[in-house]
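The values are calculated or read from the model by the stated rules, or taken from the named source; none is laboratory data. Keep in mind that what you see is a predicted model, and the values were worked out from it rather than measured. So basically every Cβ, Gly included, is an ideal-geometry build from the backbone, and we count neighbours across all protein chains shown. Heavy atoms of the whole protein, side chains included, go into the accessibility calculation; ligands, DNA and RNA do not. Shrake-Rupley method; radii C 1.70, N 1.55, O 1.52, S 1.80 Å.
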Amino acid sequence: MFLRLVNRIAATVFVAIVSLASALTAAEPAPIAIALHGGAGTITRTAITSEQDAAYREILSSAIDYGHTRLLAGADGLDVVVEVIQIMERSPLFNAGIGAVMTWEGKHELDASIMTGANLDAGAVAGVTTIASPIAAARAVMEHSPHVMLSGAGAEVFARDQGLELVDNATFTTERRKNALEKYKSKVAARLTPDKDYKYGTVGVVVLDANGDLAAGTSTGGMTGKRWGRIGDAPIIGAGTYANNASCAVSATGHGEFFIRYHVAGDICSRMQYQGISLTQAADTVINGELARVGGEGGVVAVDVRGNVAMPFNSEGMYRASIDATGHKTVAIYGIDD
Ligand code: ASP
């Protein structure tokens, strides 16, 4: 009697294990996807040396691989956005953190924002001068303050209270950006139009994580020669950054004044949600339609809940990389045939 009971229990446990195992193997793995940009602008094969080309491709490729590996391991999307942006904030190649462009006064004023599509939580910092990682500060604003955007000296006090790393403003300076500021100033003094690229080089990341949550973040030094406390689109939720699980996650780069006025990131998500159109259609319409029509130069990286990726831009190039839900990887700099 006792033996029969033991046998029956063993058989039941066996059946349960077999059906659990087959259910697990039959289940599709949750889709994940990631896309990043390192700025848009007059980036052509002739404007860049082959060494620069290789250096950009290497960091774009390793940053996207790093983010994808973290997502595969089940990392939270917000962690991945912050970590991948920090790789680019630390690189002098991009206009964010070290390598940020200079203001008219020869200083750095940094902007960043982050948003999660799960519950529309968001955080941002604007015009900060000593915070080593503005994207980390944006996340701290989101998670540890009752506000969405902090600016200037107040944001620095908050960052210090949060235990974030503070550095001297000169830490962000590079020769390349000093030269760019000099060139910009001499053109302004000669009443000539400065090169269009004085304003580009922002970094941004969008992800779909294994929980099905979207997240987006953007970090920048803004525009070379900016004055009077100018703030761009990057720290403005809806302009440079937006994420909503009901539609998509977007990070923008380009001429910030246009991206603010056309609330680009939010508009792409709203078009998807209310018009029922695809991510590619929505992003293309805004970047190559609405913005291009009025001369608003730049582009976006965007991802939706299925892990589709769109990276349209209306400038000559945009540093970009992605790995979509099918595992397809892209690393590119110039036009769509890159
Ligand atoms: N959008 C940024 C700004 O206007 C610049 C950039 O994307 O490079 O501050």
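With 0.36 nm allotted per residue and the present C-alpha distance subtracted, the ALA27-ASN211 stretch has 64.8 nm of extension available. Each Lys and Arg contributes +1 and each Asp and Glu -1, all at the Cβ; summed about the Cα centre of the range 229-306, the dipole is approximately 80 debye. Placing a pseudo-label 7 Å from each Cα along the Cα-to-Cβ vector at ALA47 and THR193 gives an inter-label distance of 1.4 nm. Spatial offset of the range 94-162 relative to the range 196-265 amounts to 13 Å, using the alpha carbon center of each. At 30 angstrom or more along the helix axis (alpha-carbon based) and mean Kyte-Doolittle of 1.0 or higher, what helices does the chain contain? Whole DSSP H runs only. Length and hydropathy pass: 2-26.
Converting phi to 3J(HN,Hα) with the Karplus coefficients 6.51, -1.76 and 1.60 and the offset θ = phi - 60°, the range 110-123 yields 9, 10, 7, 8, 8, 8, 10, x, 5, 9, 6, 5, 8, x Hz in sequence order, with x at every glycine or proline.
For the chain, the relative contact order comes to 23 percent (Cα pairs under 8 Å, sequence separation of at least 6).
Taking the Cα of ARG227, stepping 7 Å toward and past its beta carbon, and measuring to each backbone N in the range 99-140: which are under 20 Å? Hits in the range 99-140 for ARG227 at 20 Å: 101-110, 127-128. About its Cα centre, the chain has a charge dipole of approximately 260 debye under the convention of +1 per Lys or Arg Cβ and -1 per Asp or Glu Cβ, with nothing else charged. Report summary: the helix-based calculation at 222 nm, which adds -39500 (n - 2.57) for every DSSP H run with n ≥ 4 and divides by the residues of the chain, gives -11500 deg cm²/dmol. Straightening the chain between SER278 and THR330 buys 16.7 nm, computed as 0.36 nm per residue apart minus the Cα-Cα spacing. Normalised by the number of residues in the range 135-196, the mean separation of alpha-carbon contacts (under 8 Å, six or more apart) gives a relative contact order of 19 percent.
Of all accessible surface on the range 143-255 at a 1.4 Å probe, what whole percent is carbon and sulfur? Present the calculation step by step, with values, prior to reporting the outcome.
Values: 2640 of 5050 Å².
Within the range 143-255, the accessible surface is 52 percent carbon and sulfur.
Packing, as the average of other Cβ atoms within 10 Å across residues, places the peptides 211-221, 236-246 in the order 211-221, 236-246, highest first.
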